[in-house]
Amino acid sequence: MPGISKKGLQMPASPIRKLVPYAEEAKKRGTHVIHLNIGQPDIKTPKIALDAVRNHTIEVLAYSMTEGSEQYREKIAAYYSKKHINVTAQDIIVTTGGSEALSFVMGTIMDGDDEIIIPEPFYANYNGFATASGVNVVPIASSIESNFALPPIADFEKLISPKTKAILICNPGNPTGYLYSKEEIKQLANLVKKHNLFLVADEVYREFTYEGREHYSILQESGLEEHAIIVDSVSKRYSMCGARIGCLVSKNKEVIQTAMKFAQARLSPPTFAQIASEAALETPQSYFDEVIKEYVERRNILVSELQKIEGVRIAIPQGAFYCVVELPVSNSDDFAQWLLEKFEVDGSTVMVAPAAGFYATEGLGENQIRIAYVLEKEQLIKAVQILGEALKTYNTK
C-alpha cells in the first residue's frame with residue numbers, strides 16, 4: 001500500500017482520548033465509567049448563548065468574515081478591556097477553537113526545525129500542533145515538589161539556541177492548575193525581550209482562579225507588544241466546548257497579517273457558533289461567581305479525598321480545573337487501562353488521563369495522572385474511593 005507520511009507517524013496519540021475504546025468496551029459490559037480524564041465541564045452553558053442561536057432568523061447561512069465578524073471582535077475587545085488588556089478588534093482573529101489559534105501561531109512565527117520552549121507538563125496537544133508544523137518542542141521541567149511553578153529563568157536561558165523562536169505557557173495551567181504570578185510573567189517578559197523571542201500564552205482558563213488570586217495576562221505587561229501572542233477560547237469559560245470558537249490576539253501587526261493568510265486558507269469560522277459566543281459575552285459576573293465557588297468546592301473535596309490514600313501526592317491547583325496526581329504505581333498508562341478492563345466497585349470504575357503524555361521528556365510523568373474535576377462533588381468522592389480501592393488491588397496483583 002502507499003506509505004504514510006513521517007509526520008503522520010510521528011503525530012502523538014492524545015493521552016486524554018487514547019483510552020476511549022477501553023472505556024466504550026467497559027460501558028458495553030454494563031460498567032458505569034466515571035470520566036475524570038477530560039475537561040468537559042458539566043456546568044450549564046449560559047442560556048443567553050443558546051437562546052441567541054434558537055431565536056436567530058438567518059435565511060442564508062453564508063460565509064462569515066475570515067477574521068470573524070467585526071461586531072463580535074469589537075465585543076471581545078471590550079471584554080479584554082474589562083480585564084485591563086487594551087486591544088482593538090484589529091488585534092483579534094476569531095478561530096475555530098483555541099486549537100486552530102495555536103496552529104496559526106505555529107505557522108505564523110515558526111519554520112520547520114525551529115524550536116519552542118514549553119514548561120512541562122503541558123497540554124498534550126501542544127505536541128500535536130508542533131509535530132503538524134514541523135516544529136521542535138524543547139521542554140523545561142517543572143516539578144510537583146514546587147507545585148509546578150515556573151522553572152528558574154536561568155534554566156530557560158540554557159535552552160535558548162539560534163533556532164529558538166518562542167516560549168509557550170498555559171496560564172492557568174492545563175494539566176497542573178498552576179497560576180503564574182505577575183512576577184513570573186515579568187521574568188518571562190524580560191527574557192523574551194532580551195533574546196528577541198515571542199511569548200505565547202494560552203489563557204483559556206483566565207476566569208478560573210482561586211483564593212482571591214488574580215490572573216495577569218502577558219498583554220498587561222508594557223513593552224511586550226511586539227512579542228506577546230494570546231490564544232483564547234470560549235470552550236471552558238462558558239462551558240461551550242462544542243462551539244469551537246477561539247481567538248488569536250496580538251498587538252504585533254505583522255503577526256496578525258500573517259496569521260490572516262492561514263485563516264483565509266480555511267475561509268471562515270462558523271457563523272452560528274460566533275452568534276452564540278457573542279451573546280455569551282453578556283453573561284453576568286454572577287454566573288462566574290457561582291461557577292468558581294463550585295470549582296473551589298470540588299477542588300477542595302478532591303484534594304481532601306486524595307490525601308487520604310496512602311502513597312498519593314497531589315499538586316494543589318490555583319486555577320483552571322485540573323490537577324496532577326502522583327500515584328504509588330510505576331506505569332500509570334497500564335494502571336489506567338487496567339481500571340477500564342479489569343476493575344470495578346459496585347458496577348463502576350474510573351477513567352483517568354495518564355500524565356506521561358503531558359510531558360515531552362521521555363520517562364517523566366509515568367507514575368502520574370491528570371484529573372479534571374468537572375463532575376458533581378458526589379461523583380468526585382465516589383471516583384476517588386474507587387481509585388483508592390483500585391490501587392490496593394493493583395499493587396497486590
ask   = If you go through region 145-186, how many residues are among the hydrophobic types (A, V, I, L, M, F, W, C) and either modelled with pLDDT under 95 or assigned to a loop (DSSP other than H, G, I, E, B) (or both)?
value = 5
message = I'd like to verify a number: residues in region 359-380 that are touching a helix residue (DSSP H, G or I) at 6+ places or on another chain (Cβ under 6 Å), within 13 Å of ILE301 (Cβ to Cβ) and surrounded by fewer than 21 Cβ atoms within 10 Å (Cβ to Cβ), how many?
response = 1
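With the condition kept exactly as written, say whether any residue in region 201-209 is assigned to a helix (DSSP H, G or I) and open to solvent by 10 Å² or more (accessible area, probe 1.4 Å).
There is no residue in region 201-209 that is assigned to a helix (DSSP H, G or I) and open to solvent by 10 Å² or more (accessible area, probe 1.4 Å).
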message = Please count how many residues of region 1-42 are touching a residue at least 40 places away in the same chain (Cβ under 8 Å) and more than 21 Å from ALA353 (Cα to Cα).
response = 2
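Going through region 319-334 one residue at a time, which ones are surrounded by fewer than 22 Cβ atoms within 10 Å (Cβ to Cβ) and touching a residue at least 24 places away in the same chain (Cβ under 8 Å)? Steps first, answer last, please.
Initially, region 319-334 is screened for residues surrounded by fewer than 22 Cβ atoms within 10 Å (Cβ to Cβ), giving 326, 328-331, 333-334.
Result: GLU326, PRO328, VAL329, SER330, ASN331, ASP333.
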key: All positions within region 266-292 that are surrounded by fewer than 20 Cβ atoms within 10 Å (Cβ to Cβ) and either touching a Ser or Thr at 6+ places or on another chain (Cβ under 7 Å) or not in a helix (DSSP H, G or I) (or both)   = ARG266, LEU267, SER268, PRO270, THR271, LEU281, GLU282, THR283, PRO284
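Condition first: part of a loop (DSSP other than H, G, I, E, B) and over 15 Å from ILE38 (Cα atoms). Can you find one or more residues in region 374-388 that meet it?
No, region 374-388 contains no residue that is part of a loop (DSSP other than H, G, I, E, B) and over 15 Å from ILE38 (Cα atoms).
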inquiry  = Which pairs turn up if I take residues in region 74-101 that are touching a residue at least 24 places away in the same chain (Cβ under 8 Å) and within 16 Å of LEU219 (Cα to Cα) and look for partners that are of a type in the set (Lys, Arg) and assigned to a helix (DSSP H, G or I) with beta carbon separation below 9 Å, at least 6 apart in sequence or on another chain?
reply    = GLN90/ARG73; GLN90/LYS253; ASP91/ARG73; ASP91/LYS253; ILE92/ARG73; ILE93/ARG73
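Condition check ((1) part of a loop (DSSP other than H, G, I, E, B); (2) of a type in the set (Ser, Thr, Tyr); (3) within 22 Å of the chain's Cα centre (by Cα)) across all residues:
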| position | (1), (2), (3) |
| --- | --- |
| MET1 | yes, no, no |
| TYR22 | no, yes, no |
| ASN37 | yes, no, yes |
| ILE43 | yes, no, yes |
| ALA62 | yes, no, no |
inquiry  = Looking at region 49-82 only, could you name the residues that are at pLDDT below 95 and closer than 25 Å to LEU224 by Cα?
reply    = none
remark   = Restricting attention to region 311-336, the residues that are within 19 Å of VAL291 (Cβ to Cβ) and part of a loop (DSSP other than H, G, I, E, B) number exactly 4
ask   = In the list GLN264, GLN257, GLN274, which residue meets the criterion of being of a type outside the set (Gly, Ala, Ser), free of Cβ contacts under 8 Å to residues at least 24 places away in the same chain and more than 20 Å from LEU179 (Cα to Cα)?
value = GLN257
request  = Could you tell me whether any residue of region 351-370 is charged (D, E, K, R), in a loop (DSSP other than H, G, I, E, B) and touching a residue at least 40 places away in the same chain (Cβ under 8 Å)?
outcome  = no
key: Some residue of region 71-91 being surrounded by 13 or more Cβ atoms within 10 Å (Cβ to Cβ), of a type in the set (Lys, Arg), farther than 28 Å from PRO175 by Cα and in contact with a helix residue (DSSP H, G or I) (Cβ under 8 Å, 6 or more places away or on another chain)   = yes
inquiry  = I'd like the full set of residues that are part of a helix (DSSP H, G or I), under 19 Å from the mean Cα position of the chain (by Cα) and not small (Gly, Ala, Ser), limited to region 81-123.
reply    = GLU100, LEU102, PHE104, VAL105, MET106
key: Enumeration of residues in region 112-132 that are open to solvent by 40 Å² or more (accessible area, probe 1.4 Å) and free of Cβ contacts under 8 Å to residues at least 40 places away in the same chain   = GLY112
ask   = Of these, LEU248, LEU197, LEU224, which one is closer than 18 Å to TYR123 by Cβ and open to solvent by less than 30 Å² (accessible area, probe 1.4 Å)?
value = LEU248
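The values are calculated or read from the model by the stated rules, or taken from the named source; none is laboratory data. Computed from a prediction, not measured in an experiment: that's the story for all the values here. Glycine also receives a Cβ, built like all others from the backbone with ideal geometry; neighbour counts cover every protein chain displayed. Ligands, DNA and RNA are stripped out before the accessible areas are found, and what is left, the full protein with its side chains, is counted by its heavy atoms. Shrake-Rupley method; radii C 1.70, N 1.55, O 1.52, S 1.80 Å.
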